[in-house]
Amino acid sequence: MLELKHVTKHYNLGTVNELCLFQDFNLVVPDRQFVSVVGSNGSGKTSMLNLICGSIDMDQGQILANGMDITGKKDFERHQSIGRVYQDPAKGTCPSMTILENMSIADHKGKGYGLGQGKNKGKAEEYRKMLRSLNLGLEDKLEVKAGALSGGQRQALALLMATMTPIEFLILDEHTAALDPKTAELVMELTGKIVREKQVTTIMVTHNLRYAVEYGDRLLMMHQGSIVMDCAGEEKAKLKVEDILQTFNEISIECGN
């Protein structure tokens, strides 16, 4: 279970550009739940993910992971149990290293390193089997550098690497936004498959309302640092894109747009 308790976050505190994004913000995500998060730009979606992952600090509040307070932990400590895939495919892999080297590093997450070689050729066949499941032909490109892959291939590889070791939470930050429609569909299908198989608690921020409706068992809409829609279970299953658009329009009218 992931819990955000009484979170307050200011940007540019003490300046003329001061902004209070979160004020007494609370969220509980039960084990194995797949949450899709939508909202307009500046609504706090990515900031919420950054707070969870420790990329930014909060002013007040707590973050609990399975009952353990991780508020004071550094980002690299939190990533022992968190896998994250970013919007930019280049952020999830090292472009100057081969697929084998990238996967070897991901496979050693949380483990100690000696002075030996980082890549494990003995696991090449195991890695090929993982890559074969992507249906992108990457199983025959272990010695190809990640920087030579297409954006979709790199994002699929990043998603695979983020979930190679046992993790408790998967954070997806608009991970299909930079991809063409066909590749985005493939990555989303892969996402659904991995979440089901790994049964990992997942939070996915997306601007694609169809993905938000079709994937996951809970949907949140955020606006100005608050949750303005929270649908789960049967209510989420009945939700349509038109319903989300209607709520977006109502908020837009209230804001004078």
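Remarks
- Search result, residues across the range 6-18 that are under 24 Å from Asp230 (Cβ atoms) and open to solvent by 70 Å² or more (accessible area, probe 1.4 Å): His6
- Residues located in the range 28-64, provided they are open to solvent by 10 Å² or more (accessible area, probe 1.4 Å) and part of a strand (DSSP E or B): Val28, Phe34, Gln60, Gly61, Gln62, Leu64
- One residue from Phe34, Phe22, Phe76 being among the aromatic types (Phe, Trp, Tyr), in contact with a strand residue (DSSP E or B) (Cβ under 6 Å, 6 or more places away or on another chain) and within 18 Å of Ile171 (Cα to Cα): Phe34
- Residues located in the range 93-108, provided they are open to solvent by less than 30 Å² (accessible area, probe 1.4 Å) and in contact (Cβ under 8 Å) with a residue 24 or more places away in the chain: Thr93, Thr98, Ile99, Leu100, Asn102, Met103, Ala106, Asp107
- All of (1) assigned to a loop (DSSP other than H, G, I, E, B); (2) buried (at least 20 other Cβ atoms within 10 Å of the Cβ); (3) among the β-branched types (Val, Ile, Thr) hold for Thr191 with one exception: (1).
- Of residues in the range 36-69 being more than 14 Å from the chain's Cα centre (by Cα) and of a type in the set (Gly, Ala, Ser), the one nearest to Thr206 (Cα to Cα): Gly39
- Among residues of the range 153-166, those that are out of contact with any Lys or Arg (no Cβ under 8 Å at 6 or more places or on another chain) and either in contact (Cβ under 8 Å) with a residue 60 or more places away in the chain or among the hydrophobic types (A, V, I, L, M, F, W, C) (or both), counted: 7
- In the range 128-168, residue farthest from Val187 (Cα to Cα) [restricted to those that are of a type in the set (Gly, Ala, Ser) and not in a helix (DSSP H, G or I)]: Gly137
- Qualifying residue in the range 83-94 (condition: outside any loop (DSSP other than H, G, I, E, B) and small (Gly, Ala, Ser)): yes
- Positions within the range 158-188 being open to solvent by 20 Å² or more (accessible area, probe 1.4 Å) and closer than 21 Å to Val29 by Cα, in sequence order: Pro166, Ile167, Glu168, Glu174
- Top-ranked residue of the range 70-102 - restricted to ones that are among the hydrophobic types (A, V, I, L, M, F, W, C) and under 20 Å from Val200 (Cα atoms), ranked as farthest from the chain's Cα centre (by Cα): Ile70
The values are calculated or read from the model by the stated rules, or taken from the named source; none is laboratory data. Predicted, not measured: the structure shown is a model, and the values here were computed from it. We place every Cβ from the backbone using ideal geometry, glycine too, and count neighbours over all the protein chains shown. What goes into the accessible areas is simple: the full protein's heavy atoms, side chains included, and nothing from ligands, DNA or RNA. Shrake-Rupley method; radii C 1.70, N 1.55, O 1.52, S 1.80 Å.
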